[in-house]
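The block underneath contains the structure these notes are about, expressed in structure tokens.
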Amino acid sequence: MTAQFRSDHFSPVAEKALRGQVAYLSGRAAEDRVADDYLSRGYALAHSRWRGRSGEVDLIFSDGDGFVFVEVKKSRSFARAAERLSPAQMHRIYAAAEEYLAHRGLSLMTDLRFDVALVDGSGAIEVLENAFGHF
């Protein structure tokens, strides 16, 4: 007899932890798929999940002398994934990018852009290049 997953076997705390772990792994898988997409298009991965004081940038690619900062959003549909990017998060990503450039000894005059990569429930990817920038 095979064991079946039954949520009534878990406490609410354990169930919440399980959902969090599933979301984390799903997000990591989406980031890996997006990274592969950019690599196949000739970009070089500079950093994955770069964290500064201002926040985290999911993926950073170098593009010649410039950089592409990529926020990955996963949901059942592209529309739902896009809804998950808030203005406050865009500000944090922009601030983290400034930190990243400063850490590398570069200025805001460096060629850069901010992309949003949407991943739907089937794993399909839609990249919105230059989705946001200066505020």
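Just so it is clear, none of the values below were taken in a lab; they were calculated from the coordinates. The shown structure was predicted, so the numbers you read here are calculated from the model rather than taken from an experiment. In this analysis, Cβ positions are derived from the backbone assuming ideal geometry, glycine residues included, and neighbour counts consider all displayed protein chains.
Summary of values
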quantity	calculated
Full-stretch length increase - Asp65, Arg33 - with 0.36 nm per residue and alpha-carbon distance subtracted	9.1 nm
Helix 87-103 axis, angle to the chain major axis (alpha carbon atoms, nearest 10°)	50
Lys/Arg +1, Asp/Glu -1 at C-beta; region 11-132 dipole; positive extreme among Ala44, Val13, Val116	Val13
For region 73-87 versus region 47-62, the gap between their alpha-carbon centres in whole angstrom	19
Förster-model FRET efficiency, 22 Å R0, Ala95 and Arg41, C-beta, rounded to 0.05	0.25
Whole-Hz ³J(HN,Hα) from phi, Karplus 6.51 cos²θ - 1.76 cosθ + 1.60, for region 49-63, glycine and proline x	6, 6, 10, x, 5, 7, x, 10, 10, 4, 9, 10, 10, 9, 9
Over the chain, equivalent-ellipsoid semi-axes from the Cα gyration tensor in Å	32, 16, 14
Top of Arg80, Arg28, Arg104 by mean-square fluctuation, Gaussian network on the chain, Cα under 10 Å	Arg104
DSSP bridge pairs, the chain: antiparallel proportion in percent, nearest 5	65
All-pairs alpha carbon distance profile, region 36-116, 10 Å steps from 0, percent	18, 51, 28, 3
Segment Ser48-Ser86, length gained on full extension (0.36 nm per residue, minus Cα span)	11.6 nm
